[in-house]
Amino acid sequence: MSFEFSPHKLVYGGDAFGHHQGRAVLVPRALPGERLEVEELRTAKGVVHARPLRIIEAASGRVDPPCPYFGHCGGCQYQHLGPENQTAAKREILRETLRRIGKIVWDSEIRVHAAHPWNYRNQAQFKVASRSDGQVALGFFEAESHTLIPIDACLILSPRLNAILGALRKPEWSARLVGCREIELLADDQDERVMLTLRGSLSANNGAALAKDCLAQLTGVVSVAVEAGGGLRVFGEPAIQYRVGDFNFRVSPTSFFQASRFLLPELVTAATAGERGEIALDLFSGVGLLSLPLARQFGQVVAVEANEAAAADLAANATAQALPNIRAVAETTFDFLRRCARNEPDLVVLDPPRAGVDSASLKYIAALRPKRIHYVSCHPPTLARDLGFLVSQGHTLTSVELFDFFPQTFHIESIVKLARKEM
């Protein structure tokens, strides 16, 4: 059934939130203050999820989405809102999430760093599916489903990645891509050199032939990894080099690296600039994005990374940059911390995945009594949860910064700095 609905705020996840007849309602592609006719789809955990049918009265901030796939492809949620209004909304979502989940009232400034709103992604995962005519389709999944939405181009991808997508969509690639279910691309900082990963049920011979075709025929592709049958084979160059500021980073297949090409230098500066001391711990360090600049400012940096490929890249990057004061530890943060005897480190940097820091590791971190903590987050709810614990253990927030790495989407990157209270 349909009903009239007027949301009053945007919430994390991209939906607009409000109430109807005493029930909480979430609607995508709606804006606060609008009047819409919506249709109830389902109720989960007491919340009505509905879809917009028509706009009765539009909000003043509404704009026409430039992408023809918006509302079908699940990649973007905010193309109906101008970029400046997007960052303003995200700032308030971050502030409210800290209060609601972490019980932290932050009334001071949240400094916002905004990326260029288009063509910013240097990483993409194209889904591949067979069509009824025997050809293959490339695109992204529809929101909350595994239905493939074929696309010609994506407005938030870099020009190089869009060019490769355009090439792979040509009929001559269809037969070669049979058996592939996903193609992942990572471009370097200049958007010139690309590492490509093929995933699916590819035989050894077919995978090798497809990899060699990609290297020979796709402009910019210099490295191709084939993941099939539980194994990984790499053709061409074993990794790509990505430059951020003064440092070159080796990034191998299966190593994580940030997917937004415009704001990385600002993120690194915000997380590391002005810090000095004897010892810094960089936990969830990846390939060393923050470890390397910290090594110029601290006597020793202990960088901990559980992913084997990323840990190997981290060690290689430290060696290549002549930074012997980086100790690369290839294990989980929990396993490292339960044996760590370095009390009162000058700085602990946390850059966990979306799940945040596990509770046992947080307890170990608090027991170390670090002088300062810099928490780099990609997920406000788990950030707020973890900060709530750290504050309860004697730390206080000193600054909050928001990085809008991914305009047009609901994603929020942030850096929160904490200092230990003097007892």
**OP:** Considering every residue within the range 79-99, establish whether at least one is within 26 Å of I156 (Cα to Cα), touching a helix residue (DSSP H, G or I) at 6+ places or on another chain (Cβ under 6 Å) and of a type in the set (V, I, T).
**Re:** no
**OP:** Give the residues of the range 226-258 that are crowded, with 18+ Cβ neighbours inside 10 Å, at pLDDT below 95 and among the small types (G, A, S), sorted by residue number.
**Re:** A228
**OP:** Could you list all residues from the range 352-380 that are under 18 Å from N307 (Cβ atoms), assigned to a loop (DSSP other than H, G, I, E, B) and in contact with a Leu (Cβ under 7 Å, 6 or more places away or on another chain)?
**Re:** G356, V357
Original post:
Quick one: which of E266, E344 is open to solvent by 10 Å² or more (accessible area, probe 1.4 Å) and closer than 23 Å to N122 by Cβ?
Top reply: E266
**OP:** Scan the range 254-266 and report the pairs whose first residue is at negative phi and whose second residue is part of a helix (DSSP H, G or I), with Cβ atoms within less than 8 Å and a gap of 6+ or a chain change.
**Re:** S255/A309; S255/A310; S255/D313; F256/A310; Q258/L264; Q258/L267
Subject >> Number of the exception - N85 against (1) in a loop (DSSP other than H, G, I, E, B); (2) without any contact (Cβ under 8 Å) to a residue 60 or more places away in the chain; (3) over 24 Å from M1 (Cα atoms) >> reply: (1)
Original post:
Looking at the range 158-170, is at least one residue polar (S, T, N, Q), in a strand (DSSP E or B) and buried (at least 18 other Cβ atoms within 10 Å of the Cβ)?
Top reply: no
Original post:
Counting residues that are β-branched (V, I, T) and within 25 Å of P380 (Cβ to Cβ), which strands (runs of 3 or more DSSP E) fully inside the range 1-55 reach at least 2?
Top reply: 23-27
Subject >> Criterion violated by C378 - all others in (1) farther than 25 Å from A259 by Cβ; (2) of a type outside the set (D, E); (3) open to solvent by 10 Å² or more (accessible area, probe 1.4 Å) satisfied >> reply: (1)
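The values are calculated or read from the model by the stated rules, or taken from the named source; none is laboratory data. Bear in mind that the values here come from a model prediction, so they are computed numbers and not experimental data. Neighbour counts are summed over all protein chains in view; Cβ atoms, including those assigned to glycine, are modelled from backbone coordinates with ideal geometry. Note: areas computed on protein heavy atoms with side chains; ligands, DNA, RNA excluded. Shrake-Rupley method; radii C 1.70, N 1.55, O 1.52, S 1.80 Å.
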